[in-house]
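Worksheet: one structure, shown below.
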Amino acid sequence: MSESSENGEEMAYDVLVVGSANADLTVRVERRPGAGETVLGTDLVESAGGKGANQAAAAARLGARTALLAKVGDDAFGTLLLDGQREAGTELRHVLVEKGARTGTAMIVVGPDGDNSIVVSPGANARLSPADVTAAREVVAASAVLSLQLEIPPATVRAAVAVAREAGTRVVLNPSPTPESLDPELLAAADPLVVNEHEAKQLSGLADGTPADRARALLGRGARSVVVTLGGEGALALAAGESEPTAVRGPQVRAVDTTGAGDAFTGALAGRLARGSSLVEAVRLAVRVGAASVTRPGAQPSYPTMDELPD
């Protein structure tokens with residue numbers, strides 16, 4: 001089943017996110033355990049997460065008209081995910097709740113430096129099908145931007161891209177978790193391709209070189225535009241026809257928890273692009289949103305509104 005608006009009419013969206021929804025189970029440790037080692041951590045914290053749901057929450061909190069197409073189970077974690085999206089202001093009529101399925105779960109260990117290690121159990125995310133996307137063709141067409149990641153089946157991502165290209169909807173692609181190589185059709189649709197430094201290195205095929213070199217290589221491989229996130233250093237933006245990326249520095253903040261920071265960045269970027277901003281203008285907002293998100297624990301609970309952004 002899916003949630004519906006009161007009048008049942010179709011809506012136009014700034015951002016439609018097609019992707020994963022996970023319950024985040026987070027524990028903080030003084031140091032990460034080595035192989036075969038046990039360490040004590042803090043009490044377990046349950047919160048709403050998943051790359052798709054995170055990006056939707058980030059965009060919605062900033063005022064973008066945002067909808068999420070995802071699949072959750074009819075369990076307590078599914079309720080947790082829906083409640084988190086409602087709080088952020090996301091339209092939920094396209095979230096599918098499957099009876100008897102377990103909601104996706106992410107187990108997160110956060111170290112004292114704020115960096116994290118994550119293991120994801122896909123659960124209901126693995127059941128989001130190409131047919132689900134095809135059935136939402138009118139929703140894709142009514143959206144300015146389609147935001148995609150890779151925590152759902154590859155065939156579903158390909159189907160979403162095919163529908164978006166047919167409808168003329170702009171695609172923002174965050175290829176995470178990173179595949180060994182990226183489907184050329186997905187790469188050709190990405191406007192932009194949003195990657196961190198590790199993802200840029202792997203997908204560009206450049207073992208040596210700078211982030212700028214890798215951004216140029218990814219553009220040369222077919223992406224319409226490329227954004228490389230650089231953590232606390234900000235990001236690089238490279239549009240089609242440009243030979244040099246534009247560096248956008250982020251505000252200096254004290255990192256408490258980096259979980260979901262990349263999703264906060266991507267959701268903000270998609271929302272601003274949907275409103276007609278240039279790539280560089282959108283990245284300028286996104287680095288501020290990403291910086292704000294690392295100053296508080298958790299993923300979605302850390303995402304700021306416009307009036308909470310650092311200078």
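Counting C-alpha atoms alone, how compact is the chain: give Rg to one decimal and Dmax as a whole number, in angstrom.
Both quantities, over Cα of the chain: 18.1, 56 Å.
Around T103, what is the net charge, scoring Lys/Arg as +1 and Asp/Glu as -1 over all other residues with Cβ under 14 Å from its Cβ?
-3
With +1 assigned to the C-beta of every Lys and Arg and -1 to the C-beta of every Asp and Glu, and no other charges, what is the dipole magnitude of segment 20-144 about the Cα centre in debye, to the nearest 20?
Computed about the Cα centre, the dipole is about 380 debye.
Taking amide H positions as placed in the peptide plane 1.01 Å from N, state which residues far from A190 in sequence (5 or more) or on other chains have amide H under 5 Å from it.
R224
So, in Å, what gap is there between the alpha-carbon centers of segment 108-129 and segment 279-311?
After rounding, the separation between the Cα centres reads 20 Å.
How big is the convex hull of the Cα atoms of segment 125-271, per residue, in Å³?
Dividing the Cα hull volume of segment 125-271 by its residues yields 114 Å³.
Going by how many other beta carbons lie within 10 Å of each one, how would you line up R61, R165, fewest first?
R165, R61
For segment 41-105, just the Cα set please: Rg and Dmax, both in angstrom.
Over segment 41-105's Cα set, Rg and Dmax evaluate to 12.0, 38 Å.
Kindly list the residues of segment 115-129 that lie in the label zone of A167, defined by a backbone N under 19 Å from the point 7 Å along the Cα-to-C-beta vector.
Answer for this model: 128-129.
Kyte-Doolittle cut-off -0.5, length cut-off 30 Å along the helix's own axis using Cα: show which whole DSSP H helices in the chain pass.
Flagged H segments: there are none.
No lab work stands behind these numbers, since they all come straight from the coordinates. This is a predicted model, so every value here is computed, not measured. All Cβ positions, even for glycine, are placed from backbone atoms using ideal geometry, and neighbour counts span all protein chains on display.
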